[in-house]
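A.B. asks: Below is a structure I'd like to ask you about.
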Amino acid sequence: MGVHELTRAEARRIAVRAQLLDRPRPSSLLDVVRQLTLLQADQTAAVAPNADLVLWSRLGSAYRPADLEAALGNQALLELQGMIRPAEDLALHRADMADWPGRGELLDWQEYRRDWVEANRGCRMDIMRRLRSDGPLPARELPDTCELRWPSSGWSNDRNVLKMLELMEARGEVAVAGRDGRERLWDLAERIFPDDDVVAAGDAARIRGERRLRSLGIARSGSAKHPVEPVDVDEAGEPAVIEGLRGRWRVDPAQVGQPFTGRTALLSPLDRLVFDRKRMTELFEFEYQLEMYKPAAKRRWGYWAMPILHGDRLVGKLDAAADRRAGVLRVDAIHRDVPFTKAMTASVDREVAELAAWLELHLDRPLD
């Protein structure tokens, strides 16, 4: 097996094509999720929730959020640790649940979570009993009998029940049964999850790495660890070098040398194409940061600025917000990272107009 030598443009096209952001558009919601392997279930709705934006970017205006709700309702898709995944992939995560909080020598944060759950065993059992008798229920209706509070300097400070539920979910004890608006409804995992066989941990990790590479097209073989979903692919695929970039890369050989026809797409800030900011910067030479946590005066591009893909390049950001009360998609700016040609401008304008139409909102002003 040789090493694939790729230009940066070739690597970008592999990444875009693997993420189903080229032409022709896909037509099946389930096929999209299977190819992407996951949708992040973030409920921030400055424009629309992330999962809906990701699916709209691929499927176009034929997609309706009710389609995703139906797939979750009939359990073709499952929500697991904040990610929406194909139900058949659950078998690849059961070994990790059984071995929670991890295998081998534990990191400090893993030890803390283990000790915190053990210190609050009574609370955990109280939650299990309540769900068994009355589930599914939102976190606010479950008893907080934790003896050791959950410490945090951030949003999770003293949210004991929610943290316990999330850790119990990682252990395979509870699962998200659905949502009431944006609020998760919890139940016993045995009532939600299919009764699949457990794939051995080593085999599961290998298969997940292969599917992750198929979704990303090209990725590093090793990188900083992420607690829920890695961004590296270990030794999946075949080795590659990218002109002008250092490090060990792996590429999906099925994607090498394939034809590419680009299009224009507006992306969620949490879209898989841009979620790994280091990879995004290296492949696309694109400067971006999600600024929703910054004070308004310090934002350069906007609260929920949407990266703009044109062909195989990220060319700008759309600063827009859905004002449901006023019935408009409010476009504050289109930040251009490169000079737009007339054709690019027209293509971006069409996408913005289609976004507003999909949201069933009017644009608040003509586009430049």
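The values are calculated or read from the model by the stated rules, or taken from the named source; none is laboratory data. What you are looking at is a predicted structure, and each value in this text was computed from that prediction instead of being measured. Glycine gets a Cβ as well: all are built from the backbone with ideal geometry, and neighbour counts include every protein chain shown. Accessible surface is based on the protein model in full, side chains and every heavy atom, while ligands, DNA and RNA are left aside. Shrake-Rupley method; radii C 1.70, N 1.55, O 1.52, S 1.80 Å.
A.B. asks: Only loop residues by DSSP count here, and only those with at most 15 other Cβ atoms within 10 Å; note down the GluC sites (Glu not before Pro) in region 73-172 that meet that.
C.D. replies: Details: sites: GLU79, GLU88, GLU105, GLU111, GLU118, GLU141, GLU147, GLU166, GLU169; in loops: GLU105, GLU147.
Sites meeting the loop and neighbour criteria: GLU105, GLU147.
A.B. asks: Return the loop-located GluC sites (Glu not before Pro) in region 297-368 (DSSP other than H, G, I, E, B) with at most 13 other Cβ atoms within 10 Å of their own Cβ; answer none if there are none. Kindly include the intermediate steps, with their values, before the conclusion.
C.D. replies: Details: sites: GLU351, GLU354, GLU360; in loops: GLU360.
The qualifying sites are GLU360.
A.B. asks: Suppose every Lys and Arg Cβ carries +1 and every Asp and Glu Cβ carries -1, with no other charges. What dipole size does region 195-256 come out with about its Cα centre, to the nearest 20 debye?
C.D. replies: Working: 10 positive and 12 negative charges, 82 e Å.
Taking the Cα centre of region 195-256 as origin, the dipole is about 400 debye.
A.B. asks: Next question, about the same structure. Quick check: net charge around SER61, other residues with Cβ under 15 Å of its Cβ, Lys/Arg +1 and Asp/Glu -1?
C.D. replies: On the way: positive: ARG25, ARG58, ARG64, ARG263, ARG350; negative: ASP52, ASP67, GLU351, GLU354, GLU360.
Neighbour charge sum, excluding SER61 itself: 0.
A.B. asks: Quick one: grab Rg to one decimal and Dmax as a whole number for region 156-208, Cα atoms only, in Å.
C.D. replies: Rg then Dmax for region 156-208, in Å: 13.8, 38.
A.B. asks: Mind listing the Cα extents of region 43-86 along all three principal axes, in Å, largest one first?
C.D. replies: 24, 21, 15
A.B. asks: Could I ask something else about it? In a shell of Cβ-Cβ distance under 11 Å around ALA177, excluding ALA177 itself, what net charge do Lys and Arg (+1) and Asp and Glu (-1) give? Before the final figure, lay out each step's value.
C.D. replies: On the way: positive: ARG179, ARG184, ARG191; negative: GLU79, ASP180, ASP187.
For residues surrounding ALA177, the net value is 0.
A.B. asks: Continuing with the same structure: If we count every other residue with Cβ under 9 angstrom of GLY302's Cβ, Lys/Arg +1 and Asp/Glu -1, where does the sum land?
C.D. replies: Values: positive: ARG299, ARG300, LYS317; negative: GLU291, ASP319, ASP332.
With Lys, Arg at +1 and Asp, Glu at -1, the net is 0.
A.B. asks: Could you pull out the trypsin sites (Lys or Arg not before Pro) across region 129-208 that fall in loop regions by DSSP (anything but H, G, I, E, B) with no more than 14 other Cβ atoms inside 10 Å?
C.D. replies: Values: sites: ARG129, ARG130, ARG132, ARG140, ARG149, ARG159, LYS163, ARG171, ARG179, ARG182, ARG184, ARG191, ARG206, ARG208; in loops: ARG149, ARG159, ARG171, ARG182.
Sparse-neighbourhood loop trypsin sites (Lys or Arg not before Pro): ARG149, ARG182.
A.B. asks: Here is a further query. Stick to Cα atoms and the Kirkwood definition of Rh, then tell me Rg/Rh for region 76-172. Spell out each step's value before the answer.
C.D. replies: Details: Rg = 14.1 Å, Rh = 14.6 Å.
Reported Rg/Rh (Cα atoms, Kirkwood Rh): 0.97.
A.B. asks: Please report, as a whole percent, how much of the solvent-accessible surface of region 108-150 comes from carbon and sulfur atoms (probe radius 1.4 Å). Don't skip to the answer; put the middle values down first.
C.D. replies: Working: 1220 of 2630 Å².
Carbon and sulfur atoms account for 47 percent of the accessible area of region 108-150.
A.B. asks: Identify, among PRO239, ALA189, GLY202, the residue whose Cα sits farthest towards the positive end of the charge dipole of region 173-268, taking +1 on the Cβ of Lys and Arg and -1 on the Cβ of Asp and Glu, with the dipole about the Cα centre.
C.D. replies: Farthest along the dipole direction, towards plus: PRO239.
A.B. asks: Moving on to the next point. Which lysines does LYS342 reach when only Cα atoms under 20 Å apart count, and residues fewer than 8 places away in its own chain are ignored?
C.D. replies: Hits, sequence-local ones excluded: LYS317.
A.B. asks: Let me have the 222 nm mean residue ellipticity of the chain computed from DSSP H runs of 4+ only, each contributing -39500 (n - 2.57), with the sum over all residues rounded to the nearest 500. Please list the in-between numbers first.
C.D. replies: Details: 13 runs with 129 residues, N = 368.
That calculation yields -10500 deg cm²/dmol at 222 nm.
A.B. asks: What are the equivalent ellipsoid semi-axes of region 1-150, built from the alpha-carbon gyration tensor (square roots of five times its eigenvalues), in whole angstrom, biggest first? Display every interim value, and only then the final one.
C.D. replies: Values: eigenvalues 265, 110, 39 Å².
Its equivalent ellipsoid spans semi-axes of 36, 23, 14 Å.
A.B. asks: Also, quick follow-up: Whose amide H sits under 5 Å from the amide H of ASP364, counting only residues 5 or more places off or on another chain, with H placed in the peptide plane?
C.D. replies: Answer set, sorted by chain and number: LEU329, VAL331.
A.B. asks: Starting from 0 in steps of 5 Å, tell me what percent of the Cα-Cα pairs of region 1-89 lands in each bin.
C.D. replies: 3, 13, 22, 22, 16, 10, 7, 4, 2, 0
A.B. asks: Using only the Cα atoms of the chain, construct the convex hull and provide its projected area averaged over every direction, in square nanometres to one decimal. Let's see the in-between values first.
C.D. replies: Working: hull surface 79.7 nm².
Convex hull of Cα atoms, orientation-averaged projection: 19.9 nm².
A.B. asks: In degrees from 0 to 90, rounded to the nearest 10, what is the angle of the helix 121-134 Cα long axis to the longest principal axis of the chain?
C.D. replies: Here the helix axis deviates by roughly 80 degrees.
A.B. asks: When the Kirkwood radius is taken over all Cα pairs of region 260-368, what Stokes-Einstein diffusion coefficient follows at 37 °C and 0.692 mPa s, in µm²/s? Display every interim value, and only then the final one.
C.D. replies: Details: Rh = 14.5 Å.
Value of D from the Cα-based Kirkwood radius: 227 µm²/s.
A.B. asks: Just to be sure I understand: with springs between alpha-carbon atoms less than 10 Å apart, which residue in ALA15, ALA296, ALA87 has the highest mean-square fluctuation in the Gaussian network model of the chain?
C.D. replies: Per the Cα network of the chain with a 10 Å cutoff, ALA296 tops the list.
A.B. asks: Mind checking which aspartates and glutamates have their Cα closer than 20 Å to the Cα of LYS278? Skip sequence neighbours fewer than 8 apart in that chain.
C.D. replies: Correct list for LYS278: GLU10, GLU229, ASP232, ASP234, GLU235, GLU243, ASP252, GLU287, GLU291, ASP312, ASP337.
A.B. asks: Right, another one. Given N residues in region 193-321, what is its alpha carbon radius of gyration divided by 2.2 N^0.38 Å? The partial results should precede the final answer.
C.D. replies: Working: Rg = 17.1 Å, N = 129, 2.2 N^0.38 = 13.9 Å.
The reported ratio for this selection is 1.22.
A.B. asks: On to the next question. Which of PRO151, ALA11, ALA71 sits closest to the plus end of the dipole of the chain, meaning its Cα is farthest towards the positive end, when Lys and Arg get +1 and Asp and Glu get -1 on the C-beta?
C.D. replies: It is ALA11, whose Cα lies furthest towards the positive end.
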